[in-house]
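What follows is a set of notes on a single structure, which appears directly below.
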Amino acid sequence: MSIAQRFVASEGETHPEDSAALTAFRCDSTNLPWIIFRAAFRAAHIEQIPPRARAVLSALARTVDAAKPFGAIFARRELLTGRALQSMRTFYRSLDDLEVAGLIERRPQARYVDAGLFGRAYLHLTAHAAALLGLIESSPVHENETVRAPFSTALALAQPSLPKPSANVADGGIYKDLSPSIIQKRQPGQLPADLQRLRALGLFDFLIFKLMREAREHGKRLSDVVEATWDHLKLAKAPINYLRALLRNPVDFALLVRRRNDEHHAEQARTQQRVDAQAVARQHAGRTFIDVNESRQFVIGAGGDSLTIFSLTERIGRQAAGWMPSFATALASGKLRPATALDLERFAHAQREALGKSQSCAAPMAHAKPPVTGAVREHIAGLRKLLKVRGRAHNVAQAVNALGTR
């Protein structure tokens with residue numbers, strides 16, 4: 001028999017409020033190594049620094065790599081402030097306290113030049129802090145020494161390396177961007193000079209960089225494609241679509257650009273050669289030159305714009321066309337030399353001898369007709385008579401044909 005009035009006192013039942021209270025308690029289930037656990041315990045019991053600095057140092061001790069105690073501490077502000085149970089403003093004040101005490105090192109913010117971004121400013125433990133927390137083996141001096149000066153004295157003597165956050169923005173050394181309110185993408189450097197003309201077609205820098213990446217994926221260079229097709233590209237109604245279609249085209253635009261450049265350089269070389277040849281011709285205007293074989297004589301006009309060539313077998317000289325480049329080349333190579341008075345006299349004598357020999361050879365050929373004999377005359381008279389007889393017979397046949405038709 002039960003004496004207690006269970007239904008009245010509700011004995012033996014579990015109240016729902018008690019079960020909710022039991023399940024409301026939560027804790028961190030992370031298992032820390034002994035060296036990290038000891039470091040966090042020691043950081044929380046350093047009496048010479050303020051409590052807020054001890055909390056942050058304990059959070060840093062939980063985050064640091066035991067194998068690399070002097071390495072960068074890869075932890076976000078949210079993680080550290082959550083473990084230290086501090087606000088962002090108090091967190092930055094605690095970092096200033098730890099830096100003044102010589103326990104942490106706050107290096108300046110790095111910059112990724114290739115990506116054009118600002119990196120994080122990581123925190124590092126000093127050698128004194130690592131030895132104090134037991135992360136490295138401390139020397140007897142470190143074991144026996146205490147903090148050299150009170151924290152208030154150190155704070156008055158030293159100043160943090162980073163400026164104190166303002167009242168409006170909790171700016172600090174571990175911010176990624178200089179202006180968190182503006183989300184801005186950064187490009188590595190500026191556009192190449194040969195691609196800046198794409199801006200005139202309505203293409204922004206971000207799109208041009210994207211097209212450069214697409215061209216690289218297709219095994220091309222955007223600069224070569226634009227250079228090879230610029231005359232058509234600037235007239236296109238949709239230059240973006242046209243340019244992307246060119247990137248998909250299997251044409252070797254780099255080869256086209258090289259050929260065009262080679263032709264351009266060759267044309268420039270020819271133009272420069274003509275200019276140099278004209279200068280050489282004007283420099284030697286009115287002078288006479290002779291070749292190494294002394295068979296031809298070259299006379300430049302007084303204005304340097306004409307060249308007359310005399311040969312040993314021709315009495316009259318001939319005018320040359322387009323002679324300046326070849327004349328300058330022959331003069332530079334030594335095939336022509338300025339004629340002296342003795343050279344002119346020799347050439348005139350050799351020309352007279354050559355012309356005299358040609359006239360003596362041509363005279364017998366002009367009078368080589370055979371003499372007309374009597375037999376030849378009789379033969380010619382017989383041919384004439386035969387022609388007269390045939391002409392008369394032809395006339396009689398025509399008259400008979402005319403009578404027959406009547």
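The values are calculated or read from the model by the stated rules, or taken from the named source; none is laboratory data. In this text the structure is predicted, and so the values were computed from the model without any measurement. Ideal geometry is used to build each Cβ from the backbone, glycine not excepted, and the neighbour counts take in all protein chains shown.
Overview of results
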| item | result |
| --- | --- |
| Candidates ARG77, ARG62, ARG54 - the one that is touching a helix residue (DSSP H, G or I) at 6+ places or on another chain (Cβ under 7 Å) and without any contact (Cβ under 8 Å) to a residue 12 or more places away in the chain | ARG54 |
| Test for LEU103: is it under 16 Å from ALA40 (Cβ atoms) and either modelled with pLDDT of 80 or more or among the acidic types (Asp, Glu) (or both) | yes |
| In region 358-406, the residues that are of a type in the set (Lys, Arg), modelled with pLDDT of 65 or more and closer than 30 Å to GLU314 by Cβ | none |
| Search result, residues across region 291-308 that are surrounded by 13 or more Cβ atoms within 10 Å (Cβ to Cβ), within 28 Å of GLY356 (Cα to Cα) and under 53 Å from the mean Cα position of the chain (by Cα) | ASP291, PHE298, VAL299, ILE300, LEU307, THR308 |
| Subset of region 216-229 (residues that are hydrophobic (A, V, I, L, M, F, W, C) and under 13 Å from the mean Cα position of the chain (by Cα)) | LEU222, VAL225, VAL226 |
| Residue that is surrounded by the most Cβ atoms within 10 Å (Cβ to Cβ) [pool: residues in region 309-325 that are of a type in the set (D, E, K, R) and in contact with a helix residue (DSSP H, G or I) (Cβ under 9 Å, 6 or more places away or on another chain)] | GLU314 |
| Single residue of region 217-270 satisfying the filter (basic (Lys, Arg) and within 20 Å of PRO192 (Cα to Cα)) that is surrounded by the most Cβ atoms within 10 Å (Cβ to Cβ) | LYS220 |
| Among (1) under 48 Å from the mean Cα position of the chain (by Cα); (2) at pLDDT below 85 - the single one LEU312 does not satisfy | (1) |
| Given (1) modelled with pLDDT under 85; (2) part of a helix (DSSP H, G or I), index of the condition PHE327 fails | (1) |
| Region 23-47, subset more than 57 Å from the chain's Cα centre (by Cα) and not assigned by TED's automatic domain parsing to the domain that holds ALA131, residue modelled with the lowest pLDDT | THR23 |
| Some residue of region 299-315 being hydroxyl-bearing (Ser, Thr, Tyr), without any contact (Cβ under 8 Å) to a residue 24 or more places away in the chain and in a helix (DSSP H, G or I) | no |
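Residues checked against (1) out of contact with any Lys or Arg (no Cβ under 8 Å at 6 or more places or on another chain); (2) within 15 Å of TRP323 (Cα to Cα):
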site: PRO250; (1), (2): yes, no
site: LEU256; (1), (2): yes, no
site: ARG260; (1), (2): yes, no
site: GLU263; (1), (2): yes, no
site: VAL275; (1), (2): yes, yes
site: ALA281; (1), (2): yes, yes
site: PHE289; (1), (2): no, yes
site: SER295; (1), (2): yes, no
site: GLY301; (1), (2): yes, yes
